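Colleague: Quick one: this structure, given as structure tokens, is what I'll be asking you about.
Just so it is clear, none of the values below were taken in a lab; they were calculated from the coordinates. All values derive from a computational prediction rather than experimental measurement. Every residue, glycine as well, gets a Cβ built from its backbone with ideal geometry; the counts of neighbours run over all protein chains shown.
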There are 2 protein chains.
Amino acid sequence: MAQRDPVHPADDAARALARGLLASARHAALAYTDPATRTPGISRIAFGLADGAPVTLISALSAHHAALTAHPDCAVMLGEPGPKGDPLTHPRLMIQARATFAPRADHPTLRDLWLKTHPKARLYIDFADFTFVRLTPISIFLNAGFGQAHRLTPADLVPRQKGRPPQGPPLS
Amino acid sequence: MAQRDPVHPADDAARALARGLLASARHAALAYTDPATRTPGISRIAFGLADGAPVTLISALSAHHAALTAHPDCAVMLGEPGPKGDPLTHPRLMIQARATFAPRADHPTLRDLWLKTHPKARLYIDFADFTFVRLTPISIFLNAGFGQAHRLTPADLVPRQKGRPPQGPPLS
């Protein structure tokens, strides 16, 4: 079998693309373990960043809330295909992550950050059953189209900061 | 906690919406079990129907090919949010499924069906590492927006046929 589609290490273009997908995503697909069957389940979730780190806002009434409570290991996929062309040529970022429910004391801070990028969440963000959940990246796979697969590290997703070694171009 | 978002049984409108999402989807998010970690993984896959039943075309070079080979239980999500409005108000269909690799002898028949809905797949459909995989639905969850969640059965996804009891309106 020809190795037409090997996985490349991260490079500056891959890091910039991954950070762009991360910064622009407002929703994601979430893969979780169904606690009833221990087999995979999937949901659409809201997605955003808090201080550069992935976070979601979910309802305690959702299937994925119960799932993440039982099994915090999960995965998210970001990056929507456009209406034209083969959907598999559009870039997407897959992040295997671990979910941590944010303590209620963090809710006001996260709420203010969240509403800047998710203004329509104002309708339900203060309902008592809505909770922020941090999704800490463990391993990252970027598929930028056929033959353009990259394995990234969690550090590759973090924009360069003062005092840190350069890791790629700053986000536009 | 107020039960604002209970899960309803299937009704004719839910069945019609689910069948419409199924018939129009050309790609899906796939949740699988990562064989290396036994935790959830996620990929974008091509998605179509063959004789009304869900099927995908995947490369043996993909992470999900190895995963489905090791653990055939999986889940797919169909239904893309549009560019406007809260993405969580757009309908999506979540199907917990079991993957079965189609025998090579079925490839020519599936190939011809697939190309009717995925004409751009002509570029790679005949590569030796591409295989059709049937995704047999086990349980189905339709989320048509806040407060509009329905539990469906595999039979709810199948359009009414002659000699079968009616299950809802035919697809438009």
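Colleague: If I model a spin label at A:T69 and A:D12 as a point 7 Å from the Cα along the Cα→Cβ vector, what separation in nanometres do I get?
Modeller: Calculated label separation equals 4.8 nm.
Colleague: Given the protein assembly as shown, report the % of alpha carbon pairs whose separation exceeds 26 Å.
Modeller: The calculated P(r) of the protein assembly as shown puts 49 percent of pairs beyond 26 Å.
Colleague: Reachable aspartates and glutamates from B:K120, Cα under 12 Å, same-chain residues fewer than 8 places away excluded?
Modeller: Cross-link targets: A:D86.
Colleague: Okay, moving on. Provide the net charge surrounding A:D11, with neighbours chosen by a C-beta distance below 14 Å and charges set as Lys +1, Arg +1, Asp -1, Glu -1.
Modeller: Residues close to A:D11 contribute a combined charge of +1.
Colleague: For chain A, compute Rh as the Kirkwood radius over C-alpha pairs and then the Stokes-Einstein diffusion coefficient at 10 °C and 1.306 mPa s; write the answer in µm²/s, rounded to an integer.
Modeller: Once the numbers are plugged in, D ends up at 93 µm²/s.
Colleague: Still on this structure, please answer the following. List the aspartates and glutamates whose Cα sits under 13 Å from the Cα of A:K116, skipping any in the same chain fewer than 8 residues away.
Modeller: A:D51
Colleague: Hey, for A:T136 with labels 7 Å out along Cα-Cβ, what do the inter-copy distances come to in nm, ordered shortest first?
Modeller: Label-point separations across copies, in nm and ascending: 4.0.
Colleague: Can you work out the FRET efficiency for the pair B:F127 and A:D126, with r the C-beta to C-beta distance and R0 = 41 Å, to the nearest 0.05?
Modeller: Working: r = 52 Å, r/R0 = 1.27.
It comes to 0.20.
Colleague: If the cut-off is 14 Å between C-alpha atoms, which aspartates and glutamates fall inside it for A:K84, apart from same-chain ones fewer than 8 positions away?
Modeller: Once the sequence-local aspartates and glutamates are set aside, what remains near A:K84 is B:E80.
Colleague: For segment B:72-166, state the average projected area of the convex hull of the C-alpha atoms over all orientations, rounded to one decimal in nm². Show your work: numbers first, answer last.
Modeller: Numbers: hull surface 35.7 nm².
Across all orientations, segment B:72-166 yields a mean hull projection of 8.9 nm².
Colleague: Roughly what % antiparallel, to the nearest 5, for the DSSP beta bridges in chain A?
Modeller: 95 percent
Colleague: Obtain the nm distance between the two label points defined at B:R151 and A:T100 by a simple spin-label model: each point lies 7 Å from its Cα along the Cα-to-C-beta direction.
Modeller: Each label point is offset 7 Å from its Cα along the Cβ direction, giving 3.4 nm.
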